[in-house]
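Peer 1: Okay, handing you the structure first.
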Amino acid sequence: MFVESINTDNIKAQMRKGILEYCILSILSKNDAYATSIINELKAAHMIVVEGTLYPLLTRQKNQGLLNYRWEESPQGPPRKYYSLTERGRQLLQELDVAWTEIVNTIAQIRNNN
């Protein structure tokens, strides 16, 4: 029986993409942050992301009323745009925390029943 090779990197990338917005909200729930610091935190957690991926997500979340931003002078170069959660963003994060726990528990149940 021949089994096709499966691209696990692609599957993992799709999984990361699906939870990236949740991760952004989680990061901003701790502290306000600018895009480069968000990217660095995501990279440190092995949620590889590039600026071209992050900026559209931040813009979408801002347009959805989940984030605010403010400009702050930077000691190193141009001013930085700092993002923060709105009350709506905090509420969504709470809902996503519940959903994440449910997903993790469901997967654990499925894996343990097999």
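Peer 1: Mind checking which residues of region 72-98 are surrounded by 11 or more Cβ atoms within 10 Å (Cβ to Cβ), over 16 Å from Ile38 (Cβ atoms) and among the hydrophobic types (A, V, I, L, M, F, W, C)?
Peer 2: Across region 72-98, the qualifying residues are Leu92, Leu96.
Peer 1: Turning to a different aspect of this structure: May I ask you to list pairs of residues, at least six apart or on different chains, whose Cβ atoms are under 6 Å apart, with the first in region 8-19 being part of a helix (DSSP H, G or I) and the second being modelled with pLDDT of 85 or more and surrounded by 10 or more Cβ atoms within 10 Å (Cβ to Cβ)?
Peer 2: The qualifying pairs are Arg16/Met47.
Peer 1: Search region 101-114 for residues being in a helix (DSSP H, G or I) and open to solvent by 100 Å² or more (accessible area, probe 1.4 Å), and hand back the single one that is farthest from Leu67 (Cα to Cα).
Peer 2: Residues of region 101-114 in a helix (DSSP H, G or I): 101-113.
In the following step, the residues that additionally are open to solvent by 100 Å² or more (accessible area, probe 1.4 Å) were identified as 102, 109, 111-113.
Working: Glu102: 25, Gln109: 35, Arg111: 36, Asn112: 38, Asn113: 40 Å.
By that ranking, first place goes to Asn113.
Peer 1: For Tyr34, work out the one condition from (1) touching a Ser or Thr at 6+ places or on another chain (Cβ under 9 Å); (2) closer than 28 Å to Ile103 by Cα; (3) not basic (Lys, Arg) it doesn't fulfil.
Peer 2: Condition (2) is where Tyr34 drops out.
The values are calculated or read from the model by the stated rules, or taken from the named source; none is laboratory data. The shown structure was predicted, so the numbers you read here are calculated from the model rather than taken from an experiment. Here the Cβ is made from the backbone with ideal geometry for all residues, glycine too, and neighbour counts use every protein chain on show. Please note that ligands, DNA and RNA were not included when accessible areas were found on the heavy atoms of the full protein model with its side chains. Shrake-Rupley method; radii C 1.70, N 1.55, O 1.52, S 1.80 Å.
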